1. Answer with yes or no whether Phe95 is modelled with pLDDT of 95 or more, buried (at least 19 other Cβ atoms within 10 Å of the Cβ) and hydrophobic (A, V, I, L, M, F, W, C).
2. When you scan segment 61-83, how many residues do you find that are surrounded by fewer than 22 Cβ atoms within 10 Å (Cβ to Cβ) and either within 12 Å of Gln32 (Cβ to Cβ) or touching a Cys at 6+ places or on another chain (Cβ under 7 Å) (or both)?
3. Kindly establish whether Gly8 is surrounded by 18 or more Cβ atoms within 10 Å (Cβ to Cβ) and either in a helix (DSSP H, G or I) or at pLDDT below 80 (or both).
4. Name every residue in segment 76-129 that is within 14 Å of the chain's Cα centre (by Cα) and small (Gly, Ala, Ser), in order of residue number.
5. Would you confirm whether any residue within segment 96-118 is in contact with a strand residue (DSSP E or B) (Cβ under 9 Å, 6 or more places away or on another chain), closer than 22 Å to Met1 by Cα and among the hydrophobic types (A, V, I, L, M, F, W, C)?
6. Please note which strands (runs of 3 or more DSSP E) are completely contained in segment 26-129 and include at least 2 residues that are in contact (Cβ under 8 Å) with a residue 60 or more places away in the chain and either among the aliphatic types (A, V, I, L, M) or on the phi > 0 side of the Ramachandran plot (or both).
7. Please give the number of the condition Thr58 fails out of (1) farther than 18 Å from Gln37 by Cβ; (2) in contact with a Leu (Cβ under 9 Å, 6 or more places away or on another chain); (3) not aliphatic (A, V, I, L, M).
Amino acid sequence: MEHLPYDGQSPQDQLAFTQYRQDLSRGKSHIQLQAVQSQVTDDIRRAWSPRSFTDVQTPIGIFDAIVCNISYHTMRHGDAFANIADMTRQGRAYFYANRAQAKSIPGGLLKFPNGSVFEADGRIVTFFV
């Protein structure tokens with residue numbers, strides 16, 4: 001489990017502030033994680049893979065790997081989508097529309113022409129347009 005210790009320390013605490021800025025860029029501030037967690041329904045949770053992410057612990061609680069995965073991808077690619085449900089819907093649609101062009105890669109994963117990676121069962125590991 002990854003621990004994210006930042007809890008509002010003063011910017012004068014450069015180490016804590018630098019860590020916080022790195023967490024922000026990875027979609028892992030507790031505010032980002034809370035926002036994502038509030039949007040994750042059971043259907044969205046079933047559509048995403050926890051692969052390549054770990055749970056994180058912040059001063060306000062623990063967030064599981066699926067929330068962390070979605071939060072990261074929302075931070076990186078979310079501007080192209082209306083919300084997390086839209087990103088998930090488009091990711092699943094892309095999987096089914098382009099499954100024939102996917103290539104198997106190590107770990108039982110499928111890599112698609114746009115660089116997205118899915119589990120063989122269609123769960124999103126990473127998706128972007």
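1. On the way: modelled with pLDDT of 95 or more: yes; buried (at least 19 other Cβ atoms within 10 Å of the Cβ): yes; hydrophobic (A, V, I, L, M, F, W, C): yes.
It is true that Phe95 is modelled with pLDDT of 95 or more, buried (at least 19 other Cβ atoms within 10 Å of the Cβ) and hydrophobic (A, V, I, L, M, F, W, C).
2. Let us first name the residues in segment 61-83 that are surrounded by fewer than 22 Cβ atoms within 10 Å (Cβ to Cβ), namely 61-62, 64-65, 72, 74-83.
Applying the additional criterion that residues be either within 12 Å of Gln32 (Cβ to Cβ) or touching a Cys at 6+ places or on another chain (Cβ under 7 Å) (or both) yields 72, 74-76, 78.
Number of matching residues: 5.
3. Working: surrounded by 18 or more Cβ atoms within 10 Å (Cβ to Cβ): no; either in a helix (DSSP H, G or I) or at pLDDT below 80 (or both): yes.
No, not satisfied.
4. Gly78, Ala85, Gly91, Ser116
5. no
6. Values: elements: 56-58, 61-63, 103-105, 109-111, 117-119, 124-126.
Where strands (runs of 3 or more DSSP E) fall fully within segment 26-129 and carry at least 2 residues being in contact (Cβ under 8 Å) with a residue 60 or more places away in the chain and either among the aliphatic types (A, V, I, L, M) or on the phi > 0 side of the Ramachandran plot (or both), they are 124-126.
7. (1)
Conditions (1) modelled with pLDDT of 85 or more; (2) within 24 Å of Lys111 (Cβ to Cβ); (3) touching a Ser or Thr at 6+ places or on another chain (Cβ under 9 Å), marked per residue:
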residue	(1), (2), (3)
Leu15	no, no, no
Ala47	yes, yes, yes
Asp55	yes, no, no
Thr58	no, no, yes
Phe63	yes, no, yes
His77	no, yes, yes
Ala82	yes, no, no
Arg89	yes, yes, no
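The values are calculated or read from the model by the stated rules, or taken from the named source; none is laboratory data. Computed from a predicted model, the values in this text were never measured in an experiment. Note that we place each Cβ from the backbone using ideal geometry, even for glycine, and neighbour counts take in every protein chain shown.
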